[in-house]
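Here is the structure we will look at.
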Amino acid sequence: MSSTKPAKMNASKKNGDNSNDADKEKCGLAKLSHCLCVKLEKKNDLQWVSCSDCSQWFHVYCVRLNNLPYAEEDVFSCCGPNASPEAVASLAGEVHAQWRALKPPAHVAAVY
């Protein structure tokens, strides 16, 4: 019997706290330098998802290159034997590589 729990979601993990940079440091991909949100314009409406096993938070954009929230019934796990494919890919740097392969808009290209 599987004990998978639905993903926890939150659009603004720290409501009322203007420390966007501090939030971005908490993205599970920040420590691996795979967090895309530190490279993009600041957005106050970033979606977050939490691992159902270890409770580590991730920006949804960093996990799947869109900011669409996970559905209540979706299971997201970054660790263990049942890690979600999108979590494995993002932790391996594959999502970051896909993002870098995209042609950046002109205002972003000037930063590179």
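The values are calculated or read from the model by the stated rules, or taken from the named source; none is laboratory data. Here the structure is a predicted model, which is why all the values come from computation and not from measurement. Using ideal geometry, Cβ is built from the backbone for each residue, glycine included, and neighbour counts are taken over all protein chains shown. Heavy atoms of the whole protein, side chains included, go into the accessibility calculation; ligands, DNA and RNA do not. Shrake-Rupley method; radii C 1.70, N 1.55, O 1.52, S 1.80 Å.
The C-beta contact set for the stretch 82-110 (first residue on the phi > 0 side of the Ramachandran plot and open to solvent by 90 Å² or more (accessible area, probe 1.4 Å), second residue outside any loop (DSSP other than H, G, I, E, B) and at pLDDT 95 or above, distance under 7 angstrom, 6+ apart or interchain) is empty. Restricting the stretch 67-96 to residues that are touching an Asp or Glu at 6+ places or on another chain (Cβ under 8 Å) and farther than 13 Å from CYS51 by Cα, the residue that is modelled with the lowest pLDDT is ASN67. In the stretch 65-90, which residue that is assigned to a helix (DSSP H, G or I) and touching a strand residue (DSSP E or B) at 6+ places or on another chain (Cβ under 9 Å) is nearest to LYS31 (Cα to Cα)? Residue satisfying both the conditions and the ranking: SER90. Against the test of being more than 20 Å from SER33 (Cβ to Cβ), hydrophobic (A, V, I, L, M, F, W, C) and open to solvent by less than 10 Å² (accessible area, probe 1.4 Å), the options PHE58, PHE76 yield a single qualifying residue, PHE76.
Which residue is modelled with the lowest pLDDT, if the candidates are limited to the stretch 17-45 and must be of a type in the set (A, V, I, L, M) and within 22 Å of ALA101 (Cα to Cα)? Explain how you work it out, then say what you get.
Within the stretch 17-45, the first condition is being of a type in the set (A, V, I, L, M), and the residues that meet it are 22, 29-30, 32, 36, 38, 40.
Narrowing the set further to residues that are within 22 Å of ALA101 (Cα to Cα) leaves 29-30, 32, 36, 38, 40.
Numbers: LEU29: 90, ALA30: 87, LEU32: 86, LEU36: 85, VAL38: 73, LEU40: 62.
The extreme case among them is LEU40.
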